[in-house]
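Here's the structure we're looking at; comments come further down.
The values are calculated or read from the model by the stated rules, or taken from the named source; none is laboratory data. Predicted, not measured: the structure shown is a model, and the values here were computed from it. We place every Cβ from the backbone using ideal geometry, glycine too, and count neighbours over all the protein chains shown.
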Amino acid sequence: MRELVEQFVAADKIIIANPVWNLMFPPVLKSYIDTIFVPGITIKPANNGLRGLGGLVGTAQGKKVVHIQASGTILSYGEFEKLNFGDSYLRAVLTMLGIEDFQTIYVEGMAQYKDQADEIKSKALSEATELAKKF
């Protein structure tokens, strides 16, 4: 576990890719988050609450995160937007760790719009290519 924490702290750029399972990400990703959320290393108490990586001496700052989330239905907007728990949870936890540069690429609607699957994938790849230029 310590190796994973050290790897996370040392990384300047992080890519998290996951499918949506039951309105969330798979449990192995939650386990990883629990592993890297370590008092005294990635987070510590402060007078005004908790302080993440940006407030810890000797830890990396300016981390960038790209979250790639695939789902069978549309979760980023519309009637199911309030059920986009995976992305909102990651955004909240990583913000708490002091990571503010967080972007999401959605690959969504694959089951809902099977006839548009190629277009959906192509759009996501295009977004990823553009984001990679400045990541």
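Things worth noting here:
- Among the candidates 108, 127, 119, the residue that is surrounded by fewer than 17 Cβ atoms within 10 Å (Cβ to Cβ), modelled with pLDDT of 95 or more and of a type outside the set (Ser, Thr, Tyr) is uniquely 119.
- Pairing each residue of region 87-107 that is closer than 24 Å to residue 126 by Cβ with any residue that is surrounded by fewer than 17 Cβ atoms within 10 Å (Cβ to Cβ) and not hydrophobic (A, V, I, L, M, F, W, C), provided the two are 6+ apart or on different chains, yields C-beta distances under 8 Å for 87/76; 101/62; 102/95; 104/76; 106/76; 107/121.
- Residue match in region 11-27 (condition: closer than 20 Å to residue 98 by Cβ and either in a helix (DSSP H, G or I) or among the polar types (S, T, N, Q) (or both)): no
- Subset of region 83-105 (residues that are at pLDDT below 95 and either charged (D, E, K, R) or touching a Lys or Arg at 6+ places or on another chain (Cβ under 6 Å) (or both)): 91, 99, 100, 101, 102
- Scope region 101-122; condition over 18 Å from residue 15 (Cα atoms), in a helix (DSSP H, G or I) and not β-branched (Val, Ile, Thr); matching residues: 114, 115, 116, 117, 118, 119, 122
- Which listed residue, of 4, 75, 53, 23, is at pLDDT below 90 and more than 12 Å from the chain's Cα centre (by Cα): 53
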